[in-house]
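Read-outs: derived from the displayed coordinates by stated rules, not from any lab. Predicted, not measured: the structure shown is a model, and the values here were computed from it. Cβ sites come from the backbone with ideal geometry, for glycine too, and all protein chains shown count toward neighbours.
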Amino acid sequence: MLVFLVIIGVSFAVMASRLTGFVEEYLYQQRIRQNSLSLERLATTVAPLFQSAASDAVNETISQSAGEMGGRLIVVDQDGKIQFDSFSTLLGTRLQLREVTDVIAGSENSSWGVHTLQAGEEVADLIPSDSGSYISCCAARLIGTRGSLGALVYLFPISDLMDSLSAVERQLLVIFGIVAVAAMAAALVFSHILTRPIQSLSTAIQKMGGGDLSQRAPVQGSYEFRRLAENYNRMAEQLENLDQSRNQFVSNASHELKTPMTTMKILLENMLYDPNMPSDIRMEFLQDMNHEIDRLTHIVSDLLTLTKTDHKMEMHLEDMDLSECMQETVHSLQPMAESRNQTLQMKVSPGVRITADPNKVPQIIYNLVENALKYSNDGGRVQVGLSVRDKNAVITVRDNGVGISKDDQAHVFERFYRVDKARSRETGGTGLGLSIVSQFVKLHHGEITLESTPGKGSIFRVLLPLKQEGLAS
């Protein structure tokens with residue numbers, strides 16, 4: 001702001017100085033030009049009189065003209081000697097002024113200049129002392145039939161002109177001063193208006209830097225500032241959601257890891273403090289501990305998978321046969337279905353090919369089918385299908401299990417979210433399977449949807465593009 005004000009002040013000062021100089025120069029040139037023209041016309045009248053030695057006529061002419069012009073007229077010959085003087089005080093003396101020399105000895109027909117009435121100046125005695133501080137001298141060549149005869153010199157005070165120029169300069173400076181102050185005041189007001197959104201945004205950023213991610217910047221000001229505030233608020237909201245998600249993730253992960261460890265500790269302490277424990281009970285405890293270790297292994301494995309997806313997991317894209325992949329994956333889950341007396345049906349369109357990561361697509365299918373089997377009752381039915389719709393391959397997993405309520409459907413893809421926590425732990429679920437599916441589908445630029453009715457079952461649909469042009473491998 002200070003730099004801006006300095007620039008304005010300097011600019012106005014330069015403008016005032018230049019404009020004042022232009023006005024002064026213009027007014028001065030106008031005055032000198034008028035006097036020079038008048039003197040040159042008078043010189044054409046005096047020249048023939050001076051050549052014919054008509055002294056009385058010359059004296060009368062210059063005396064009358066000097067009175068009308070308000071100055072002093074002097075006629076000098078080619079040697080610079082004064083022959084006629086309207087004041088009749090310097091006759092016979094030599095007039096040594098630059099303007100006279102320029103006309104007599106030079107090629108100029110006229111010359112003019114400005115002198116100050118100070119002691120030692122050549123013009124100090126040529127004009128009354130009450131004429132002011134400045135005097136102008138104009139000289140015009142007297143040309144006769146035989147050539148140059150001398151010069152007609154006109155001395156006149158210009159203090160009134162200089163005073164007028166000074167008054168104009170003062171007025172211009174006052175005007176420019178007022179304009180400069182008004183401009184600075186307007187700049188202060190508008191800068192405050194313009195910088196207020198930036199100050200508000202800066203305050204919000206400082207508070208967010210201090211750890212308060214709930215801070216939002218007011219959306220105000222011009223279009224650019226509004227866009228900036230909206231983008232900041234969007235970023236702050238994403239950071240807040242990410243922070244909340246991270247905290248929730250850490251809390252859930254800690255809880256999920258703590259539960260099997262606590263169970264194993266209890267089982268192990270019972271074995272340590274009861275050396276006479278029957279072998280069948282000891283074996284049962286060991287089997288339970290092995291089961292809890294498997295749960296820990298699954299949780300850690302799933303956490304590592306999700307962590308990789310959060311950090312832009314590397315994708316190895318290939319042209320793969322999705323139909324064959326589905327048949328192999330679903331077939332690997334047939335034993336699980338048989339152990340629960342469940343029917344696992346499959347209807348797959350042949351020859352469906354996509355560009356995808358062959359290590360991740362099977363996990364999408366496996367997690368969806370396994371989830372359907374786990375949350376279906378014994379003797380239930382799970383139907384798996386693959387079809388083509390528009391330019392997408394559509395994977396459908398349908399079950400007639402417990403279903404998911406409307407409120408829970410919006411959260412099933414969140415990490416560690418379980419619709420029925422007791423049932424999930426009983427079946428060995430980690431609460432991460434569907435979250436992994438969602439992340440893998442997004443990595444393939446696909447889409448996953450859910451339709452469910454409590455008590456009637458659920459339908460998961462995954463759409464994967466048949467061609468994934470532009471995906472980096």
Packing-ranked peptide list from 68-81, 203-216, highest mean Cβ count within 10 angstrom first, is 68-81, 203-216
Residue span I175 to R226: 0.36 nm per residue of separation minus Cα-Cα distance leaves a gain in nm of 14.6 nm
Among K265/K360; K442/K467; K374/K456; K374/K406; K207/K258, the pairs whose Cα-Cα distance exceeds 24 Å are K265/K360; K207/K258
Rg/Rh over Cα atoms for segment 327-399, Kirkwood Rh, comes to 0.98
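Stretch A183-N247 to full length: gain in nm at 0.36 nm per residue minus the Cα-Cα span?
17.7 nm
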Net charge (Lys, Arg +1; Asp, Glu -1) of residues whose beta-carbon lies under 13 Å from that of Q220, Q220 excluded, is +2
Phi-derived 3J(HN,Hα) across segment 59-74 with the Karplus relation (6.51, -1.76, 1.60, θ = phi - 60°), rounded Hz, x for Gly and Pro, is 4, 5, 5, 6, 5, 5, 5, 4, x, 5, 8, x, x, 10, 10, 9
Stokes-Einstein D for segment 359-403 (25 °C, 0.890 mPa s, Kirkwood Rh from Cα pairs), in µm²/s, comes to 215
Most packed first (mean Cβ within 10 Å per residue), the peptides 13-23, 39-49 order as 39-49, 13-23
With x for Gly and Pro, the residue-by-residue ³J(HN,Hα) of segment 107-115, computed from phi through the Karplus equation 6.51 cos²θ - 1.76 cosθ + 1.60 at θ = phi - 60° and given in whole Hz, is 9, 7, 8, 8, 7, 8, x, 10, 10
FRET efficiency (M346, E269; Cβ distance; R0 41 Å; to 0.05) is 0.30
Taking 0.36 nm per residue of separation between V3 and K467 and subtracting their Cα-Cα distance, the length gained on full extension comes to 161.3 nm
Volume per residue (Å³) of the convex hull spanned by the alpha carbons of segment 315-465 is 102
Two pseudo-spin positions, 7 Å from Cα along C-beta at S52 and at V388, lie apart in nanometres by 12.3
Placing each pseudo-label 7 Å from Cα in the direction of the beta carbon, S191 and L19 end up separated by a distance in nanometres of 2.2
